[in-house]
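Report on one structure; see the data block that follows.
Taken together, the values in this text are just the output of simple stated rules run on the coordinates, not laboratory data. Fair warning: this is a prediction, and the values are worked out from it, not measured in the lab. A quick note on method: Cβ atoms are made from the backbone with ideal geometry, for glycine too, and the neighbour counts reach across all protein chains shown.
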Amino acid sequence: MWPFGWKGPSGFSPRSTAEQVTEGIDATGLTAIVTGASSGIGTETSRVLALRGAHVVMAVRNVDSGKKVKEEILKEIPNAKIDVMQLDLSSMESVRKFVSEFISLGLPLNLLINNAGIMAAPFMLSQDNIEMQFATNHVGHFLLTELLLDTMKKSASESNREGRIVIISSDAHHFTYRGGIRFDKINDESGYNSMQAYGQSKLANELTRRLKEEGVDITANSLHPGSIMTNLLRFHSVIHSFVSMVGRFALKNVQQGAATTCYVALHPHVKGVSGEYFMDSNLSKAGSYAADVELAKKLWDFTASLTSPK
C-alpha cells in the first residue's frame, strides 16, 4: 500500500515493527489465542502480546516446537504468561478438542488471532476430506471462532473491554478462482491451482465480518501482513530458493511482518473498527469478492454445513 519507508495515516509504515506499533500499550488482563504460534509471525505476535502483558495461549500443531518457542520467550520476558496447547486446524475433531480444553481452563478470551495457514500447497485432502488449504485456512478457523464466540461475548461483557478477532489473510485473495469460491468443486483435483486455492481460502477468512452484525462488543478485521521471509512457500522449492536469496532486500522481516497483526489486536485507534482490511498497519482495500454480501452469506451457510456435527 505505502512505499516501504512512507508512513500512512496511522503514523506507521511497512518498516514499522510489532514492538513499535504497540509501544506504550498495556495489555495486562487480556487473554489471547494465537494459532500457528510456533513459527514466523505467529511466534513474533505471541512474543509481543506477552511483552505488553497479555496472557497468550499458543495454539500449535507441534507441541514440542511450541514449548521451545515458549522457553525462548520466557528467557527474554521472565514474567510472561504463556500456555501451549495442541491444535490441528485441518481436523475438526482437533478444533473441538482444543476448544473444550480451553474452556475447561476457565480463562477469559479477549483476542483471537487466526494466524495459522498453509500457502500454495499441492492438492491433498484433510482428515475430514476437504481440500487442505480450504480446510486449514478457512474451515478450521471458522469452526474455532464459532465455538469460542460465547466465551468471547462473556469476556467482553464481564470485563467491559472490547473483544477482537484478527484474521491474517493475504493479498492473494485478489487472485482467487473466477466467482470467488468453487463451492461445487472444493475437493475437485482437476483444474486445481495451488495459488488460486490459497487465494480462495484466504478470501473466505474475510467473511468473518458477519460477526459484527450481532451487535456484541467484538470486532472482526482481516489483514495482509506483507511479503515476509517465512516457510509458507516451502511447497515451491524454486520460488522459495529465489525468495531466500533476494528476500533480505525486498521483503519484510518477521518483526515487521507481525506489526499489522499486533496493531489490529491492540492499538486504540482500531477500537470499534470492524469488517475492515488492513495492510502495513493502515486501513486498506480488499478485493471485490470480499465485499460481495451474497457470496459471504453463501459461504457462511456452506461452511456451517461442513462443520455441523454429522
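What spacing in nm lies between the two simple spin-label points modelled at Glu93 and Gln127, each 7 Å away from Cα in the Cβ direction?
The two pseudo-label positions are separated by 0.5 nm.
Quick one: go through the range 16-31 and flag any residue whose amide nitrogen is under 12 Å from the point 7 Å out along the Cα-to-Cβ line of His269.
16, 21-23
Determine which aspartates and glutamates satisfy two conditions relative to Lys252: a Cα distance under 14 Å, and not lying fewer than 8 residues away in the same chain.
Here the aspartates and glutamates satisfying the reach criterion relative to Lys252 are Glu44, Asp280.
At 0.36 nm per residue, minus the direct Cα-Cα distance, what do Asp83 and Glu101 gain on full extension? Give it in nm, one decimal, please. Walk me through the numbers on the way to the answer.
Working: separation 18, 0.36 × 18 = 6.48 nm, distance 1.21 nm.
This chain segment gains 5.3 nm when fully extended.
Would you please put 130-142, 272-284, 6-18 in order of how densely packed they are, using the mean number of other Cβ atoms within 10 angstrom per residue and starting with the highest?
Those peptides, ordered most packed to least, come out 130-142, 272-284, 6-18.
Pulled fully out, how much extra length does the chain show between Trp300 and Asp217, if you take 0.36 nm times their separation in residues and subtract their Cα-Cα distance?
Extra length from Trp300 to Asp217 when fully extended: 27.8 nm.
Can you give the local net charge around Glu71? Use residues other than it whose beta-carbon is closer than 14 angstrom to its beta-carbon, Lys and Arg +1, Asp and Glu -1.
Details: positive: Arg47, Lys67, Lys68, Lys70, Lys75; negative: Asp64, Glu72, Glu76, Asp83.
Its environment carries a net charge of +1.
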